[in-house]
Amino acid sequence: DGTWLCPTALDRVRFAEMGRLHRWAYGAVGTTMVVVLGASVRWTGLGPLVAMASAMTVGALAELVASRASRPELGVAASLVALQAGVFAAIWVTGGIASPLLPWSALLLPTVAARFPGRVVLVGAALSGTGLAAVVLARDVTAATADPSPLLFALGLVIVVAVVGITMGVSDRSYRTEAAIDPLTGLLNRASLPERFDELAGQARLTGGGLSLVLCDIDHFKWVNDTHGHDRGDEVLRSVADEVRRSFRQFELIYRIGGEEFLVVLPGTGLGEGTAAAERIRRRVEAARPGDLDLTVSCGVAAA
């Protein structure tokens, strides 16, 4: 099922892919933060190092739990919240408005932008800015109001990083949509299937759950094109896709993988449930008379 963090299949595919591609970068960022804090202990004390190390430990545990869950984005979001809390704690112990760590309040936003939709980035930026202001003012409101410029510069950095991240995310998502959506039927195409299937299969292995596939083929489709023309054939494809889509609540489970072939991926189901789904599709298409023709589909089911 989709979540507010990853509402569609494309969002979840992007989330998983970016996690794999950027894992080395996240490690490099964490290592750099620890090294910088360690090298600064003489001037800042152990407080910020302890705060960030604790936050990183909590974040790593949250990600570990997330990797075994059906909705891994929830654990990753919890990890990012823990890390941001660590940054705020480090800013508190190093003096609030006088802290050299103020710019670090924007440090996690590129990660959010890389893995989540723009609305999540906006919420992340709002929480980062609000949290930073609250920490600074609560730590020493007199000093903060006497010279708020360090806070303003840090807040400006949060806004700039969020805007750039959202812009890059929109561009990436637009490219992925063009590459992954079949323009005729509006369904996902086979290019987006391997990542999604690997993710669902991995979750099934971890949880011991089932996974079934329903493959549907329009019977005698070549006859439609040869007899009635390709425009009627396109109408049939769109109609069949609509009927398959209406058979399920989740758009991201349905793929057009060939000329007249559609695949439905059903996580958490066995052979019996997959067969029932196939029969539901068969009945709907037959009753709908796609393209105003008496057509049927044949379905095959596999489960593991």
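Table for the structure above
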read-out: In order through the range 80-95: 3J(HN,Hα) via Karplus (6.51 cos²θ - 1.76 cosθ + 1.60), integer Hz, x for Gly, Pro; value: 5, 5, 4, 5, 5, 4, x, 4, 4, 5, 5, 5, 4, 6, 9, x
read-out: Kirkwood hydrodynamic radius of the chain, Cα pairs, Å; value: 22.2
read-out: Extended-chain gain in nm, criterion 0.36 nm per residue less alpha-carbon gap, residue 8 and residue 159; value: 51.7 nm
read-out: For the range 205-216, Karplus couplings with θ = phi - 60° (6.51, -1.76, 1.60), whole Hz, Gly/Pro x; value: 5, 5, 8, x, x, x, 8, 10, 10, 10, 9, 10
read-out: At R0 = 45 Å, FRET efficiency that the Cβ-Cβ distance of residue 246 and residue 26 yields, to 0.05; value: 0.65
read-out: Gained length - residue 227 relative to residue 50, 0.36 nm times residue gap less alpha-carbon distance; value: 56.3 nm
read-out: With all protein chains modelled, accessible area of residue 175 [1.4 Å, Å²]; value: 150
read-out: Accessible surface of the chain [probe 1.4 Å, protein heavy atoms]: carbon and sulfur percent; value: 64
read-out: Karplus (6.51, -1.76, 1.60) ³J(HN,Hα), θ = phi - 60°, over the range 220-237, in Hz, Gly and Pro reported as x; value: 6, 5, 4, 4, 4, 5, 5, 8, 10, x, 6, 5, 5, x, 5, 4, 4, 4
read-out: Gain on full stretching of the segment that runs from residue 294 to residue 279 - 0.36 nm per residue minus C-alpha separation; value: 3.7 nm
read-out: Among 21, 193, 37, residue whose mean-square fluctuation peaks in a GNM of the chain (springs only between Cα atoms under 10 Å); value: 21
read-out: Distance in nm between pseudo-label sites at residue 146 and residue 234 (7 Å out along the Cβ direction from Cα); value: 7.2
read-out: Whole-angstrom gap from the range 71-113 to the range 205-266, using each part's C-alpha centre; value: 45
read-out: The chain - mean residue ellipticity at 222 nm from DSSP helices (-39,500 (n - 2.57) per run, n ≥ 4, rounded to 500); value: -22000 deg cm²/dmol
read-out: Paired Rg and Dmax values of the range 43-117, which use every Cα atom, in angstrom; value: 13.5, 44
read-out: Ellipsoid semi-axes in whole angstrom, largest first, where each is sqrt(5λ) of the Cα gyration tensor of the range 30-178; value: 27, 20, 12
read-out: From the C-alpha gyration tensor of the range 220-304, square roots of 5λ in Å; value: 24, 12, 11
read-out: Probe 1.4 Å, accessible area per residue of the range 228-279, Å²; value: 45
read-out: FRET efficiency, residue 138 to residue 39 (Cβ-Cβ, R0 22 Å, nearest 0.05); value: 0.20
read-out: Protection-proxy order for peptides 275-283, 296-304, each taking the mean of Cβ atoms within 10 Å per residue, highest first; value: 275-283, 296-304
read-out: Förster radius 45 Å - calculated FRET efficiency between residue 98 and residue 190 (Cβ-Cβ, nearest 0.05); value: 0.20
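The values are calculated or read from the model by the stated rules, or taken from the named source; none is laboratory data. Here the structure is a predicted model, which is why all the values come from computation and not from measurement. Here the Cβ is made from the backbone with ideal geometry for all residues, glycine too, and neighbour counts use every protein chain on show. The protein model used for the area step is the full one, side chains on, heavy atoms only, and it has no ligands, DNA or RNA in it. Shrake-Rupley method; radii C 1.70, N 1.55, O 1.52, S 1.80 Å.
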